[in-house]
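These notes are about the structure you will find just below.
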Amino acid sequence: MDFSYPREADDYRQKVRAFLAANLPKDWKGIGALSRDDAFEFTNKWRNTLRDNGFLAVNWPKEYGGQGLTSMEAVVIAEEFARVGVPVGGHNDGFGIGMLGNTLLAVGTEEQKKHYLPRVLSGEDLWCQGYSEPNAGSDLGNLGCRAVLDGDEWVINGQKIWTTAGHLANHIFVLARTAPDEVKHRGITFLLVDMQQPGVEVRPIRMMSGESEFCEVFFTDARCPKGNVVGEVHGGWMVAMTLLGNERGAGAAVNAIAFRAELDKLNRLAKERGLSDDPQIRQRLVKAHTKVEVMRFLGYRALTAFMNGKKPGPDASIGKLFWSEYHKEVTELAVDVLGADALTPSGTPAQTYIRPDAVGSPNSSASWVDVFMNARAGTIYAGSSQVQRGIVGEQILGLPKEPRADAGPWKSIPGHA
Ligand SMILES: Cc1cc2nc3c(=O)[nH]c(=O)nc-3n(C[C@H](O)[C@H](O)[C@H](O)COP(=O)(O)OP(=O)(O)OC[C@H]3O[C@@H](n4cnc5c(N)ncnc54)[C@H](O)[C@@H]3O)c2cc1C
């Protein structure tokens with residue numbers, strides 16, 4: 001099997017490297033070397049540089065403001081950016097470009113694509129994801145937020161929870177129940193909702209770290225136009241799964257680069273602390289190395305599928321399950337290497353949490369402890385590890401379906417619409 005890239009990819013790689021060399025400071029060490037505030041500012045400016053130089057939404061067709069690049073070119077960009085430690089987009093682009101934009105390209109109407117995609121690119125529309133509810137997480141099909149058609153508008157009532165960056169967004173894509181008497185997965189509609197209206201209330205959730213990364217979002221007679229349905233009315237489940245495929249598959253082709261850089265850093269930490277000859281630590285470092293190699297090959301598989309125009313499907317669950325469980329293990333190893341110092345973390349805190357800390361970040365105990373604490377979230381968002389195993393078992397291996405408490409009609413809960 002030949003894992004080398006075609007010649008065009010190598011040629012394109014040179015162009016990307018030239019762009020990076022021309023646009024990054026000479027002494028650039030990766031965004032992780034900046035303070036959190038500086039990194040935030042840098043990302044905002046960098047996004048403009050990307051947009052002005054044709055490096056934003058690279059896989060979108062030109063008619064919608066994208067760059068119309070091939071899948072191979074998109075992956076080369078992601079790889080080169082990951083190597084030098086610069087983001088491929090701005091703070092909201094995971095939602096706007098990665099989730100909503102790619103979903104609109106797949107199943108949106110022409111009018112929706114023309115209206116929303118340029119606004120995502122200009123930064124005017126900032127999106128968040130309105131899926132989870134107090135009674136609908138893993139069992140997402142049980143969601144109870146209701147939408148009822150009133151003339152030319154949908155009227156929305158209900159609640160969402162764990163809405164990442166909800167307090168920073170001005171638009172939300174909402175899964176709402178529109179046919180309460182249907183089998184539950186069939187009565188859901190995917191709506192595009194402007195959050196800047198009196199019927200939408202956003203309450204940030206304060207986490208034990210003191211920060212507020214997620215929110216609760218309450219809808220009280222909130223409205224959106226009748227035409228803001230993506231896909232079919234009552235057919236939102238298919239749209240929701242298309243979007244989740246994009247979310248779970250995100251980064252698959254380049255995951256190994258960031259995880260390799262993180263493991264190299266841990267290796268250095270083990271050496272600095274005189275633990276690289278500890279038999280237990282060595283064994284776990286070697287195990288981690290083999291897992292990052294597996295991730296590299298999973299990445300090649302994702303890349304091949306991507307280049308053949310295959311949309312992310314149930315196999316996106318394998319990659320998501322693999323990296324998130326690995327990340328829990330490797331950050332536990334880091335805490336064991338730190339020993340008692342992990343109880344009194346010091347030095348520069350982490351910039352990014354759920355995945356490896358940003359390239360260039362210092363090898364501080366504070367950074368490792370931040371990433372250790374947040375690695376668990378990776379096994380929950382976009383579907384927990386148990387849910388991913390269910391998908392792999394049933395949809396890839398064709399194993400018999402597990403008995404499900406979540407089948408059948410939608411069950412409202414007391415006090416819920
Ligand atoms: C960092 C982060 C960001 C998030 N951002 C968003 C966001 O922006 N928008 C949004 O809508 N949601 C978001 N979520 C919510 C996320 O999608 C849910 O937390 C997730 O789907 C799990 O749902 P739950 O928390 O209700 O747990 P539950 O569904 O109550 O699960 C509890 C436990 O039971 C297990 N379990 C449940 N069902 C099964 C089953 N059938 N088989 C085996 N085990 C099962 C689960 O694996 C889990 O361990 C985010 C979550 C995190 C951690």
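The values are calculated or read from the model by the stated rules, or taken from the named source; none is laboratory data. Remember, predicted model here, so these are calculated numbers, not experimental data. Every residue, glycine among them, receives a Cβ derived from its backbone with ideal geometry; neighbour counts consider all protein chains shown. These area figures cover heavy atoms from the full protein model, side chains too; ligands, DNA and RNA do not enter into them. Shrake-Rupley method; radii C 1.70, N 1.55, O 1.52, S 1.80 Å.
A few remarks follow.
- Rg/Rh for region 1-88, where both radii come from Cα atoms and Rh is the Kirkwood radius: 1.00
- Solvent-accessible heavy-atom area per residue, rounded to whole Å², over the chain at 1.4 Å: 48 Å²
- For Ala18 and Asp139, the FRET efficiency from 1/(1 + (r/R0)^6), where r spans their Cβ atoms and R0 equals 41 Å, is about 0.25.
- Radius 13 Å from Cβ of Phe173, net charge of other residues (Lys, Arg +1; Asp, Glu -1): -2
- Global geometry of region 188-243, whether rounded, prolate or oblate, following the gyration tensor of its Cα atoms and the 1.5 cut on a/c: oblate
- The overall shape of region 215-331 is prolate: from the C-alpha gyration tensor, with semi-axes ordered a ≥ b ≥ c, the ratio a/c is 1.5 or greater and a/b exceeds b/c.
- Per-residue SASA remark: Asp278, around 50 Å² accessible (1.4 Å probe; ligands, DNA and RNA not included).
- Annotation: extensible slack from Phe40 through Asn363 equals 114.3 nm (criterion: 0.36 nm per residue apart, minus Cα-Cα distance).
- Packing rank of 341-350, 91-100, where each peptide gets the mean count of other beta carbons within 10 Å, highest leading: 91-100, 341-350
- Full-extension gain in nm, Trp28 to Ser209, via 0.36 nm per residue minus C-alpha separation: 62.2 nm
- Near the amide H of Ala222, within less than 5 Å, lie the amide hydrogens of Ile156, all on another chain or at least 5 residues away, with H placed in the peptide plane.
- When peptides 171-183, 202-214 are ranked by their average number of other Cβ atoms within 10 Å per residue, the highest-first order is 171-183, 202-214.
- Cα gyration tensor shape for region 36-85, rounded if a/c is under 1.5, else prolate or oblate: oblate
- Accessible area (Å², 1.4 Å probe, nearest 10) - Lys184: 0 Å²
- Over region 156-250, volume per residue of the alpha carbon convex hull, in Å³: 118 Å³
- For region 351-409, the fraction of 1.4 Å probe accessible surface lying on carbon and sulfur atoms is 63 percent.
- Magnitude of the charge dipole, the chain, Cβ model with Lys/Arg +1 and Asp/Glu -1, debye to 20: 680 debye
- Portion, in percent, of the accessible area of region 117-271 that falls on carbon or sulfur, probe 1.4 Å: 52 percent
- Net charge of Cβ neighbours under 15 Å - reference Gln112; Lys, Arg +1; Asp, Glu -1: -2
- For region 206-277, alpha-carbon Rg relative to the globular expectation (2.2 N^0.38 Å, N residues): 1.96
- A straight chain from Thr70 to Asp150 at 0.36 nm per residue would run longer than the Cα-Cα distance by 24.5 nm.
- Restricting region 89-172 to GluC sites (Glu not before Pro) in coil, as DSSP defines it, with at most 12 other Cβ within 10 Å: Glu124
- Charge tally in the Cβ shell below 15 Å around Arg301, where Lys, Arg are +1 and Asp, Glu are -1, Arg301 excluded: +2
- For q = 0.06, 0.09, 0.13 Å⁻¹, Debye-computed log10 I/I(0) when each Cα of the chain counts as one equal scatterer: -0.26, -0.59, -1.24
- Given +1 at the Cβ of Lys and Arg, -1 at the Cβ of Asp and Glu and no other charges, the dipole of region 213-325 around its Cα centre is 420 debye to the nearest 20.
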